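Okay, structure first, notes after.
The values are calculated or read from the model by the stated rules, or taken from the named source; none is laboratory data. Note that the coordinates shown come from a computational prediction; the quantities given were computed from them, not determined experimentally. Glycine gets a Cβ as well: all are built from the backbone with ideal geometry, and neighbour counts include every protein chain shown. These accessible areas exclude ligands, DNA and RNA; they are computed on the full protein's heavy atoms, side chains included. Shrake-Rupley method; radii C 1.70, N 1.55, O 1.52, S 1.80 Å.
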Amino acid sequence: MTATAGPAGRRGRARCGTAVRLVALGAAVLTVLAVTGAPAAPAQASSSACSSRSTSPSTRPADGTRPVVFVHGWMADGGALKETGKALTARTGNRITPYYFDYGAHRTTWASADAVAGCLAKYLAAVSATYGGDGKVLVVAHSMGGLATLYAARRAGAAELLGGVVTFATPYLGSPFGETWAAGFWQDLHQHGSTEVPPPGSDAQVCLGPHPNGGANMPDACASTLPSYLPASVPLTAIAGSATVRRTLGPFHLYDIPLSSDGIVPVSSAHGYLPMNPREPQPRGVKVSLRTDACTITSDSLLTAAVALGWSKSALAALAAGIGQMAVLDDNTFDGILSGNLTPGLVAYLAAVEAAASCSHGRLYKGDVSLNHATDALISYLDQLGGGAPAPSSGPSTFQATQLGTSRYSDEYRAAIRAVRPDGFLLHVDFDASGRNDLRKPETSCVTVSDGSTSRRLFPVQSTLSTNSPGRYTGTLTFALAAPGSYGFTYSCASDYSTVALGTAAVPSRAVSVYSRDYFANILDVRSVGGQTVIRFAAAGRSDLRDPATSCLRTSGGTVKPTVTLEVSRRSSTGATYAGTMTFNARTPATFVYSCLDDYSSVQF
């Protein structure tokens, strides 16, 4: 593990009082994380019966899709990955049907137990039988769920059902918060609280301990039951979180502290699938992809987040320490990083990162970068297996219109919707507007698209009027059909007119490069073909929307411009839209920016 240069005097001898403060700091931060960061667990069920809270395995997957089983981690339940499932369903172009396996009643039991791995093996078999066809099922797992998947694959016939596996932060080589002094202290805190954790000395506590040498230093009870490798025919993508703390003092950047961890699982462990079991030969031709979601958080940001989370005064004081105490804290942290041993300072930073960083253990499976990695893996698996309908080639898969209504200012000023007609990447809205001679022009109207968390506006890219006279306009307004969500029409785009629902669109969306709510480029699909990266997109904005040919892909080798093939190109005095493909002579990983200017948000692939 390599660290950037830290504060001077790293080799100086720490005073006894300093050591006491560091231990107190580690305890304070762990206490805070124990109280604010860990969800409360119900009492563990005494029975080993499989949970009935999983998605029913008899539920038929949607036509043209392949089932994906989501397996949660330790101290969670089946609902933990539902937002991830929804996001990956949309990003893969609705090519998958998610199933959520729940072992929450046994979530503090080690993953190899019958109540976890045994039930998961049965669940995979049941989902496979419902699916039919080739019977292949994909798995997306977080943390301990990845180990549960490997243990389940040991059960008779289960490995043959797997078509591909994606893991987020799975501790293939253990975690510093397993069988260590920090773990013991943390677990002791939990034992005196309301959250149930594995009792000290249990298989779950002992077997989670770090074993970077593949289990050689583990107790026989753990080493003899290390997970087995998947068959070579089953590809695996392992995604790790890697946080760096940017040490700041006011506006000044002092140095970086590269933790190479998501706060709970080190990168080396999350990427440790191949060396995890030296007692078993690796399958020849195994297909393993290692991906990383790297994030940086400043020490000032950690302090802000800690205040928001209600951290204790002692922990806050440590993060906001003056130069003298800060040097001692960071000295101790660098010692831990360079030696590979837990120190109080390192424990404090890991706990703070888990509580606040975007690539932390508890956030990794929700972030755009990690979701992009998972989407790439799933699309690759789907393409190889031949299951799951490909992403649509000419626009959204469906548009479900609602009952027609009227956008009105008053009974005298109104615009009645006569028809809504989807057409690939375009949406035609037939209307009849009436009012007095000061009735506003229909070209000033807009459509709002909302997916529950984000709202965007679309402006007419074409206006065709059959009646055009003061106080009366009839005809058709055409808008971009470029984003998923609920579409609503507002005449004149002013708040004094009511908004009338048009319907709901299911449009693939891997990610979005955004300038504002009025300008965006929706990434429908990304594929690697013969050394090139091909991006399908739909962009919309006002009339000055930039040409997609100005976009770029930023790689380690430089900035690459695309060759653009347009399926749709419409522009009016009020709005514009482009849809088609951009082909870049570059490979991922890379960063995409619409128009290649930093006023648009970037998308990492």
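When L524 is tested against (1) outside any loop (DSSP other than H, G, I, E, B); (2) surrounded by 22 or more Cβ atoms within 10 Å (Cβ to Cβ); (3) touching a Leu at 6+ places or on another chain (Cβ under 8 Å), exactly one condition is not met: (3). Evaluation of G557 against the conditions (1) at negative phi; (2) touching a Ser or Thr at 6+ places or on another chain (Cβ under 8 Å) shows that the sole unmet condition is (2). For the range 109-134, a residue qualifies if it is part of a loop (DSSP other than H, G, I, E, B) and open to solvent by 10 Å² or more (accessible area, probe 1.4 Å), and the qualifying residues are T109, W110, S112, A113, G132, G133, D134. Condition check: modelled with pLDDT of 95 or more and touching a strand residue (DSSP E or B) at 6+ places or on another chain (Cβ under 7 Å). Does P484 satisfy that? Taking the combined requirement at face value, the residue does not satisfy it. Of all the residues in the range 341-358, those that are in a loop (DSSP other than H, G, I, E, B) and either more than 9 Å from G263 (Cα to Cα) or open to solvent by 10 Å² or more (accessible area, probe 1.4 Å) (or both) number 4.
Considering only strands (runs of 3 or more DSSP E) fully contained in the range 442-518, which possess at least 2 residues that are farther than 20 Å from R536 by Cβ and among the aromatic types (F, W, Y)?
Correct list: 485-490.
In this structure, does S380 turn out to be assigned by TED's automatic domain parsing to the domain that holds K136, modelled with pLDDT of 90 or more and either assigned to a helix (DSSP H, G or I) or at negative phi (or both)? Against the criterion (assigned by TED's automatic domain parsing to the domain that holds K136, modelled with pLDDT of 90 or more and either assigned to a helix (DSSP H, G or I) or at negative phi (or both)), S380 does not qualify. Summed over the range 101-129, residues that are in contact with a Pro (Cβ under 6 Å, 6 or more places away or on another chain) and modelled with pLDDT under 90 total 1. Condition first: in a loop (DSSP other than H, G, I, E, B) and either closer than 20 Å to Y381 by Cβ or of a type outside the set (K, R) (or both). Can you find one or more residues in the range 137-145 that meet it? Yes, the range 137-145 contains at least one residue that is in a loop (DSSP other than H, G, I, E, B) and either closer than 20 Å to Y381 by Cβ or of a type outside the set (K, R) (or both). Condition test on E412, is it open to solvent by 10 Å² or more (accessible area, probe 1.4 Å) and not in a loop (DSSP other than H, G, I, E, B)? Spelling it out, it is not the case that E412 is open to solvent by 10 Å² or more (accessible area, probe 1.4 Å) and not in a loop (DSSP other than H, G, I, E, B).
T464 falls short on exactly one of the conditions (1) within 14 Å of T406 (Cα to Cα); (2) free of Cβ contacts under 8 Å to residues at least 60 places away in the same chain; (3) of a type in the set (V, I, T), and that condition is (1). Just so you know, in the range 70-80 the residues that are closer than 25 Å to R510 by Cβ and of a type in the set (A, V, I, L, M, F, W, C) include one that is most open to solvent (accessible area, probe 1.4 Å), and it is A80. Residues of the range 583-604 that are touching a Gly at 6+ places or on another chain (Cβ under 9 Å) and open to solvent by 60 Å² or more (accessible area, probe 1.4 Å): N585, R587.
Restricting T533, T555 to those that are without any contact (Cβ under 8 Å) to a residue 40 or more places away in the chain, of a type outside the set (A, V, I, L, M) and touching a Lys or Arg at 6+ places or on another chain (Cβ under 8 Å) reduces the list to T555.
All of V568, V534, V564 fail the test of being closer than 20 Å to V449 by Cβ, in a strand (DSSP E or B) and of a type in the set (A, V, I, L, M), apart from V568.
Taken over the range 529-579, the criterion of being among the polar types (S, T, N, Q) and more than 12 Å from C596 (Cα to Cα) is satisfied by Q532, T533, S543, T555, S556, T563, T565, S569, S572, S573, T574, T577. Looking at the range 564-574, can you tell me whether even one residue there is buried (at least 22 other Cβ atoms within 10 Å of the Cβ) and modelled with pLDDT of 90 or more? Scanning the range 564-574 turns up no residue that is buried (at least 22 other Cβ atoms within 10 Å of the Cβ) and modelled with pLDDT of 90 or more.
Selection over the range 81-108 of residues that are of a type in the set (S, T, N, Q) and open to solvent by 30 Å² or more (accessible area, probe 1.4 Å) gives a count of 1. Residues in the range 439-447: is at least one without any contact (Cβ under 8 Å) to a residue 24 or more places away in the chain and open to solvent by 60 Å² or more (accessible area, probe 1.4 Å)? Scanning the range 439-447, I find no residue that is without any contact (Cβ under 8 Å) to a residue 24 or more places away in the chain and open to solvent by 60 Å² or more (accessible area, probe 1.4 Å), so the answer is no. The numbered conditions (1) in contact with a Phe, Trp or Tyr (Cβ under 7 Å, 6 or more places away or on another chain); (2) in the same structural domain as D599 (by TED's automatic domain parsing); (3) of a type outside the set (A, V, I, L, M, F, W, C); (4) not in a strand (DSSP E or B) are all true for G541 except (4).
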